[in-house]
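Here the structure comes first, spelled out in structure tokens, and everything after it is commentary.
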Amino acid sequence: MSTFFVTGANSGIGRALVEALAARGESNSIVLATRSEERTTPVLRELRSRYPAAKLQWVHLDVSDLGSVRRAAEAFLVTKQPIDVLVNNAGIAGTRRLSKDGFDITYATNHIGPFLLTNLLLPRLRESPQGRVVNVASNAHFAAKTMNWAGLERRTAPKRSGFKDYAATKLMNVLHAKELARRLSGSRVTTYALHPGAVASNIWRSIPWPVQWVMKRFMLSNEQGAETPLYCATAPELAAATGRYYYKSREGKTSPLAQDAALARELWERTEAITGS
């Protein structure tokens, strides 16, 4: 039996992923880490009805709020339950808000919060026979031609977060997986970043509806988008692979910037400083 901790698990790719995990016919333990108990309860009810062998639980987590991240990690760790796989899935794009900590909500949700969560849960992942950290990134990272360090700075007023900002956070996801792999070299924990495809998920919820409607007509389903995260989270053949990038359930290429080891180290150090982790 394996324990999977999945953020953003009540809708979109996350919802499809936890169903795929529950349906595998194993006694998997699956933690749905989400902001809303109200919206997650019907998901849990349906999954328990369809897959009674799966062990399912909810953890309250707003990944954009560093206080919430710390409380969620502490509440889970105190239970002494194992974690075999952490899937950093929660994401957002096209926002105009600040997080409770004063960061642009896109950067807080897509990179800063997941970075802190990973660090806090890492001791438990190290105890697993084969721990994994899976970052749901995107091929959008190719659009980031330079690193936008301003995204890691606190602000007093929000501004519209566009595609360049989303691309920057997805580059951060890839670099985070790469640097984490370097730091965990020789351990039993491996890391992965991936492109799920262009998926009609809830990540686009902050974009005006007419634009969403047009975009989603040409996108993959959430179930299709969950295939590569599921592969990275469970494939036995990836047990010895780490720090790599996947698309369509096979290893893929990243941008030259995503291969910059010095940039990955700097990103780690800067993010570590602002999260105090």
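The values are calculated or read from the model by the stated rules, or taken from the named source; none is laboratory data. All values reported here derive from a predicted model rather than from experimental measurement. All Cβ positions, glycine included, derive from the backbone under ideal geometry; neighbour counts span all protein chains shown. The area values use the complete protein model at the heavy-atom level, side chains included, leaving out ligands, DNA and RNA. Shrake-Rupley method; radii C 1.70, N 1.55, O 1.52, S 1.80 Å.
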Just for helices (runs of 4 or more DSSP H) wholly inside the stretch 174-258: which have at least 3 residues that are more than 22 Å from L117 (Cα to Cα) and either modelled with pLDDT of 85 or more or of a type outside the set (A, V, I, L, M, F, W, C) (or both)? 209-216, 222-225
Quick test of your reading of the structure: V133 fulfils all but one of (1) open to solvent by 40 Å² or more (accessible area, probe 1.4 Å); (2) outside any helix (DSSP H, G or I); (3) modelled with pLDDT of 85 or more. Name the failing condition by number. (1)
Test A264 against the criterion of being closer than 30 Å to R71 by Cα and either surrounded by 14 or more Cβ atoms within 10 Å (Cβ to Cβ) or in contact (Cβ under 8 Å) with a residue 40 or more places away in the chain (or both), and give yes or no. yes
Identify the residue in the stretch 49-67 that is farther than 30 Å from L98 by Cβ and not basic (K, R) and, among all such residues, is most open to solvent (accessible area, probe 1.4 Å). P52
